[in-house]
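To start, the structure under review is shown below, and the notes come after it.
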Amino acid sequence: MHLLFVDDLPDTCEVFKLAFRLDGHTTRIAHNGIEAVDAMREEPFDAIIMDVEMPQLNGWDAVQQIRTLPDGLEVPIIMFTAYGTQADRARALEVGANDLMQKPVLPNDLIARIKELRG
């Protein structure tokens, strides 16, 4: 799969990118919501993994913007956060995400959930 991984922490991005590559997936990194929306305009992805708390444009707003793009309705989006309350889960679904997972989350768990969402 070709994934878009969005997180403002460079170390987190590199760890997940490596783990996904070892599992046979390609990954584009975005460090904030603006970069994520721009990436979605430039190329298609099989799934997006989006952090919630980021500078410039947070995950909530980025997901809403992505869902307005021509290919934005098709791509599964999983948000992840350190909070993960029921209110956060409800908000994730409200803005258009397919799921919200609570940190810490393992790369294999994200891939398994993406595969479930893609059918």
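Per residue, region 1-99 exposes 49 Å² of solvent-accessible protein surface, assessed with a 1.4 angstrom probe and all protein chains in place. Using a cut-off of 12 Å between beta-carbons, work out the net charge of the residues near Glu53 (Lys and Arg +1, Asp and Glu -1, Glu53 not included). Residues near Glu53 contribute -4 overall. The label point for Leu18 and the one for Asp46, both projected 7 Å from the Cα toward the Cβ, are 2.2 nm apart. For region 27-118, the average shadow cast by the Cα convex hull is 5.4 nm², which is a quarter of the hull's surface. Near Asp7: Cβ cut-off under 11 Å, other residues only, Lys/Arg at +1 and Asp/Glu at -1. The net charge is -4.
The figure for Leu69 is an accessible area of roughly 20 square angstrom, using a 1.4 Å probe on the protein chains alone. To the nearest 10, the accessible area of Glu43 is 50 Å² with a 1.4 Å probe. Dividing the summed helix terms, -39500 (n - 2.57) for each DSSP H run of n ≥ 4, by the number of residues in the chain produces a 222 nm estimate of -13500 deg cm²/dmol to the nearest 500.
Stretching Lys103 away from Gln56 to a fully extended chain increases their span by 14.8 nm, per 0.36 nm per residue minus the current alpha-carbon distance. Magnitude of the charge dipole for the chain, about its Cα centre and with charges confined to Cβ atoms of Lys, Arg (+1) and Asp, Glu (-1), is about 280 debye. Applying 1/(1 + (r/R0)^6) with r as the Cβ-Cβ distance of Glu116 and Ile34 and R0 = 30 angstrom yields a FRET efficiency of 0.55. Largest accessible area first, the residues Asp51, Asp109 order themselves as Asp109, Asp51 under a 1.4 Å probe with ligands, DNA and RNA left out. Of the peptides 84-90, 61-67, the order by per-residue mean of other Cβ atoms within 10 Å, starting with the highest, comes out as 61-67, 84-90. Each principal axis of the Cα atoms in region 2-74 has its own extent, and those three values, largest first, are 32, 24, 15 angstrom. For the chain, the residue among Ala112, Met40, Gly72 whose Cα projects farthest onto the positive side of the dipole built from Cβ charges is Ala112. For the residues Met79, Met101, a 1.4 Å probe over the protein chains yields an accessible-area ranking, largest first, of Met101, Met79.
The values are calculated or read from the model by the stated rules, or taken from the named source; none is laboratory data. Quick caveat, the model's predicted, so the values are computed rather than measured. A quick note on method: Cβ atoms are made from the backbone with ideal geometry, for glycine too, and the neighbour counts reach across all protein chains shown. We work out accessible area using only protein heavy atoms, side chains counted, and drop any ligands, DNA or RNA first. Shrake-Rupley method; radii C 1.70, N 1.55, O 1.52, S 1.80 Å.
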